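Engineer: Before anything else, here's the structure in question.
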Amino acid sequence: MSLPMPRNPTRRFDLIAFDWDGTLFDSTAIITKCIQEAVRDVGGVVPSDAAASYVIGMALMPALAHAAPDVPKEKYPELGLRYRHHYLARQHDISLFEGVLALLAELKGRQHLLAVATGKSRKGLDDALHAVELKGVFDGSRTADETRGKPDPRMLNELMAEFGVAPERTLMIGDTTHDLQMALNAGCPSVGVGYGAHSTDAFEALKPLCVAQTVRELQDWLLAHG
């Protein structure tokens with residue numbers, strides 16, 4: 001475990017952890033479509049857009065099982081393979097939201113530690129980081145397959161332990177109730193974004209400090225309050 005990071009009185013948060021899909025990466029529509037096509041491929045009842053997008057942020061197999069409750073367990077391996085097939089065919093059509101690179105550069109310039117806490121696999125995250133030339137921007141990351149899926153707090157707990165940052169000095173930013181619930185479970189403040197997978201109607205109960213409707217709004221809030 002690292003020694004505690006010295007407090008910086010000029011900022012509220014030392015460690016800022018971001019969800020990936022729907023928060024930094026504009027992938028919600030494509031992931032939703034890939035889930036639907038995978039379920040169709042194995043003969044399940046195709047979930048609605050709302051049902052498919054709800055599971056974004058969860059670990060892959062629990063997400064697919066939740067989106068396709070009629071698919072028998074013996075078909076889960078095939079379901080996972082079909083999702084990966086469809087996603088890999090489209091992954092190069094996905095990009096960072098406009099303004100994300102500027103936001104991250106601004107936060108790095110203020111000496112915040114930056115991390116990713118995502119439901120993606122380690123391979124999936126590493127491929128995405130390489131594809132968008134973000135290696136070196138983030139100080140740490142955790143994925144669902146190497147820890148536990150959201151809303152279990154293990155991702156955030158491990159990141160806080162790695163950098164010696166207390167929960168009150170750690171901020172989780174995400175586009176789903178899974179992200180905000182994970183932050184609550186870890187004892188961390190959170191910020192929600194309203195341009196991703198989940199409707200913000202359910203955010204209030206999870207007590208985010210702010211709900212930003214655009215990347216620019218998120219940047220402005222972080223520079224003023226982070």
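The values are calculated or read from the model by the stated rules, or taken from the named source; none is laboratory data. Just so we're clear, the structure is a prediction, and the values are computed from it rather than from any experiment. As a convention, Cβ positions derive from the backbone with ideal geometry for all residues, glycine included, and neighbour counts pool all protein chains shown.
Engineer: Here is a check on your reading of the model: is ALA63 under 16 Å from SER121 (Cβ atoms) and either assigned to a loop (DSSP other than H, G, I, E, B) or under 17 Å from the mean Cα position of the chain (by Cα) (or both)?
Structural biologist: The answer is yes for ALA63.
Engineer: In this structure, is TYR54 closer than 20 Å to THR176 by Cα and of a type in the set (Phe, Trp, Tyr)?
Structural biologist: yes
Engineer: Within region 150-171, can one find any residue that is under 20 Å from ALA128 (Cα atoms), among the small types (Gly, Ala, Ser) and either in the same structural domain as LYS108 (by TED's automatic domain parsing) or over 15 Å from the mean Cα position of the chain (by Cα) (or both)?
Structural biologist: No, the conditions are met nowhere in region 150-171.
Engineer: Pick from region 173-186 the residues that are touching a residue at least 60 places away in the same chain (Cβ under 8 Å) and touching a Pro at 6+ places or on another chain (Cβ under 6 Å): which of them is surrounded by the most Cβ atoms within 10 Å (Cβ to Cβ)?
Structural biologist: MET182
Engineer: If we scan region 164-182, do we find a residue that is hydroxyl-bearing (Ser, Thr, Tyr), out of contact with any helix residue (DSSP H, G or I) (no Cβ under 6 Å at 6 or more places or on another chain) and within 21 Å of ILE16 (Cβ to Cβ)?
Structural biologist: Initial filter on region 164-182 (hydroxyl-bearing (Ser, Thr, Tyr)): 170, 176-177.
If we keep only those that are out of contact with any helix residue (DSSP H, G or I) (no Cβ under 6 Å at 6 or more places or on another chain) as well, we get 176.
Subset that is within 21 Å of ILE16 (Cβ to Cβ): 176.
The answer is yes, given that some residue of region 164-182 is hydroxyl-bearing (Ser, Thr, Tyr), out of contact with any helix residue (DSSP H, G or I) (no Cβ under 6 Å at 6 or more places or on another chain) and within 21 Å of ILE16 (Cβ to Cβ).
Engineer: I'm told ALA161 meets every condition in (1) in a loop (DSSP other than H, G, I, E, B); (2) surrounded by fewer than 15 Cβ atoms within 10 Å (Cβ to Cβ) except one. Can you identify the failing condition by its number?
Structural biologist: In the conditions (1) in a loop (DSSP other than H, G, I, E, B); (2) surrounded by fewer than 15 Cβ atoms within 10 Å (Cβ to Cβ), ALA161 misses (1) alone.
Engineer: When you check VAL39 against the structure, is it over 19 Å from the mean Cα position of the chain (by Cα), crowded, with 22+ Cβ neighbours inside 10 Å and under 20 Å from HIS85 (Cβ atoms), yes or no?
Structural biologist: Details: over 19 Å from the mean Cα position of the chain (by Cα): yes; crowded, with 22+ Cβ neighbours inside 10 Å: yes; under 20 Å from HIS85 (Cβ atoms): yes.
Here the answer is yes, as VAL39 does meet what is asked.
Engineer: Oh, and also: Taking GLY57 and the conditions (1) among the small types (Gly, Ala, Ser); (2) surrounded by fewer than 22 Cβ atoms within 10 Å (Cβ to Cβ); (3) touching a strand residue (DSSP E or B) at 6+ places or on another chain (Cβ under 8 Å), which numbered condition does it fall short on, given that it satisfies the others?
Structural biologist: Only one criterion is unmet by GLY57, namely (2).
Engineer: Suppose we keep only residues that are surrounded by 17 or more Cβ atoms within 10 Å (Cβ to Cβ) and aliphatic (A, V, I, L, M) within region 137-158. Which one would you say is nearest to GLY124 (Cα to Cα)?
Structural biologist: Taking the candidates together, the pick is ALA144.
Engineer: From SER2, SER53, which residue is modelled with pLDDT under 90, over 15 Å from the mean Cα position of the chain (by Cα) and hydroxyl-bearing (Ser, Thr, Tyr)?
Structural biologist: Values: SER53 fails: over 15 Å from the mean Cα position of the chain (by Cα).
Criteria check complete, one pass: SER2.
Engineer: Confirm whether ALA205 is at pLDDT below 95, in a helix (DSSP H, G or I), over 23 Å from ALA51 (Cα atoms) and not acidic (Asp, Glu).
Structural biologist: Judged against the criteria, ALA205 is not a match.
Engineer: Quick one: in region 204-221, which of the residues that are within 13 Å of THR23 (Cβ to Cβ) and hydrophobic (A, V, I, L, M, F, W, C) is surrounded by the fewest Cβ atoms within 10 Å (Cβ to Cβ)?
Structural biologist: Going through the qualifying residues, I end up with VAL211.
Engineer: May I pose another question? So which pairs qualify, if the first residue must be in region 187-204 and within 17 Å of GLU217 (Cα to Cα), the second must be among the small types (Gly, Ala, Ser) and surrounded by fewer than 24 Cβ atoms within 10 Å (Cβ to Cβ), the Cβ gap must be under 7 Å, and the two must be at least 6 apart or on different chains?
Structural biologist: VAL191/ALA212; VAL193/ALA212; GLY194/ALA212; THR200/GLY194
Engineer: Sticking with this structure for a sec: If I filter region 187-202 down to residues being surrounded by fewer than 20 Cβ atoms within 10 Å (Cβ to Cβ) and hydroxyl-bearing (Ser, Thr, Tyr), which single residue comes out as modelled with the highest pLDDT?
Structural biologist: TYR195
Engineer: Consider only pairs whose beta carbons are under 9 Å apart and that are at least six residues apart or on different chains; among these, list those whose first residue lies in region 83-96 and is surrounded by fewer than 17 Cβ atoms within 10 Å (Cβ to Cβ) and in a helix (DSSP H, G or I) and whose second residue is modelled with pLDDT of 85 or more and charged (D, E, K, R).
Structural biologist: Here the result reads HIS85/GLU37; HIS85/ASP41; ARG90/LYS33, each pair linking region 83-96 to a residue that is modelled with pLDDT of 85 or more and charged (D, E, K, R).
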